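FYI, it's all coordinate maths here, none of it is from the lab. Quantities reported herein were computed from a predicted structural model and do not represent experimental measurements. Here Cβ is always computed from backbone atoms with ideal geometry, including for glycine, and neighbour counts include all displayed protein chains.
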Amino acid sequence: MAGIGPLTQDWEPVVVRKKAPTSAAKRDEKAVNAARRTGAEIETVKKSNAGSNKAASSSTSLNTRKLDEETENLTHDRVPLELKKSIMQARMDKKLTQSQLAQMINEKPQVIQEYESGKAIPNQQIISKLERALGVKLRSRK
């Protein structure tokens, strides 16, 4: 820079502006209040279904009517009495706790408890794991 001439300072103002607000920021409560204070024009639109889920449930379709007219009491299959007794008996014969058996088949102890109490929904994969771990046949041929 030496030899070019005397150094001068540039006293022109530099203006740094923020980006224009996005559409989400325009709807922000703070932005709306600031616009009201400055006297800017604000457009409000009332949405007819705002804040409700009426659109999904208000129309009665054929399936809904069929479900309403259905009188049959439907329940899940439960573990049969013979199966839960045979699981319990085989576990006792091997001198295993529910937790130990669950650990052997890589399931939670709660699963074994549900099978032995009859509350579980039968799963063929779990039953086959139990058969292998206990060394007994739990499923009967149909």
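Each residue of segment 101-107 was assigned a 3J(HN,Hα) from its phi angle through the Karplus curve 6.51 cos²θ - 1.76 cosθ + 1.60 (θ = phi - 60°); the sequence is 5, 4, 5, 5, 9, 6, 10 Hz, with glycine and proline shown as x. Tell me which GluC sites (Glu not before Pro) from segment 69-105 have a DSSP coil assignment and no more than 14 other beta carbons within 10 Å of their own. Passing sites in segment 69-105 are Glu70, Glu72.
Each label point was placed 7 Å from the Cα along the Cα-to-Cβ direction; for Leu7 and Asn123 their separation is 7.7 nm. Couplings for segment 111-126, taken from phi via the Karplus curve 6.51 cos²θ - 1.76 cosθ + 1.60 with θ = phi - 60°, read 5, 5, 4, 5, 5, 6, 8, x, 8, 6, 8, x, 10, 5, 5, 5 Hz in order; Gly and Pro are left as x.
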